[in-house]
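Colleague: Sharing a structure, written as structure tokens. Questions coming.
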Amino acid sequence: MSGSRFRRVLLKISGESLMGDKPYGIDVDVVQQIALEIKDVQEAGTQVGVVVGGGNIWRGATAEEAGMERATADYAGMLATIINGLALQDALEKVGVTTRTQSAVTVQAVAEPYIRRRAIRHMEKGRAVVFAAGSGNPYVTTDTAAALRGVEIGAEVLLMAKNNVDGIYEADPHLHPGAQRYPTLSYMDALNKRLDVMDSTALTLCMENGLPIIVFDLFIAGSLQRILMGDDVGTLVNETGSGEPVSSAQRTEGAP
Ligand code: UDP
């Protein structure tokens, strides 16, 4: 299929999305499912870069609470994202998507180093690029890495995949079933209301560089396709977002 409204996108997948129902680690079937969604994006004529998180294996902040030095704990977290990146690369290649993994921390036996122009060239040649090891720096998250890579590679949108919520809500919809979803939101609103979108460093980076963000549920089948086709899916965060929430009745309208 073709007709995507985007030429190039940056997809952020959290480590937790790869866990499925497991309490920890990687569910290979789920990774396969994600790979198929990414394949659809490519077949729609859109170049894809993917930043993968590591929270299913390791979180620096949690290890710090347990007494570990923060920077070391964060480097361990970056290594966790490399494990996830390799799992995703494997699944993508198995479904026929030629993939290159680039790591922000040098691990030359398993991944290319991150080289911006090379990553762009891979995408122009029709390869998916998995960006592993986050930004390569401690004290930030893979959300920040996603914003950074998105801006660097000239992505037109940052697609923030969630695994248990289909957009940004006034309050956690699992705890507050009546909470309403924002179809659109401005960067400033997202920052000021301290909504659980992504960390503020990442949000600020997107705002300062005019990179729109779409927050959506990766596991509602066809969501990515619908986004590419221009449907209003999830929550769009940009300069002009209205910040008017909609009720859940409106939310289900047009859902697949
Ligand atoms: N991390 C880091 N720098 C980065 C990206 C990640 O130090 O640029 C570390 C940090 O410790 C983080 C861990 O890697 O907790 C896993 O990444 P993240 O928590 O962002 O994964 P996600 O929540 O997306 O699964």
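Colleague: Taking the Cβ-Cβ separation of LEU36 and HIS174 as r and a Förster radius of 30 Å, what is the calculated FRET efficiency to the nearest 0.05? Each step should come with its number before you reach the end.
Modeller: On the way: r = 27 Å, r/R0 = 0.89.
So the FRET efficiency works out to roughly 0.65.
Colleague: In the chain, once you exclude exposed chymotrypsin sites (Phe, Trp or Tyr not before Pro) (DSSP loop, at most 14 other Cβ within 10 angstrom), what's the longest stretch remaining?
Modeller: 140-256
Colleague: With a probe of 1.4 Å, find how much accessible area the chain has per residue, and write the answer as a whole number in Å².
Modeller: Averaged over the residues of the chain, the accessible area is 45 Å².
Colleague: Just the Cα atoms of the chain, one point each, no solvent: what log10 I(q)/I(0) does Debye give at q = 0.07, 0.11 Å⁻¹?
Modeller: The calculated log intensity ratios at q = 0.07, 0.11 Å⁻¹ are -0.22, -0.55.
Colleague: Would you work out the Kirkwood radius for segment 165-256? I mean one over the mean of 1/r across all pairs of different Cα atoms, in Å.
Modeller: Final number for the Kirkwood radius of segment 165-256 is 13.4 Å.
Colleague: Hey, with R₀ at 30 Å, roughly what FRET efficiency would ASP29 and ASP232 work out to, going by the Cβ-Cβ distance, to 0.05?
Modeller: 0.50
Colleague: If I stretch the segment between GLU239 and MET188 completely, what's the gain in nm (0.36 nm per residue apart, minus their alpha carbon distance), one decimal?
Modeller: Gain on extension, GLU239 to MET188, equals 17.6 nm.
The values are calculated or read from the model by the stated rules, or taken from the named source; none is laboratory data. Because the structure is predicted, anything quoted here is derived from the model rather than measured. For neighbour counting, all protein chains shown are included, and Cβ atoms are generated from backbone atoms with ideal geometry for every residue, glycine included. What goes into the accessible areas is simple: the full protein's heavy atoms, side chains included, and nothing from ligands, DNA or RNA. Shrake-Rupley method; radii C 1.70, N 1.55, O 1.52, S 1.80 Å.
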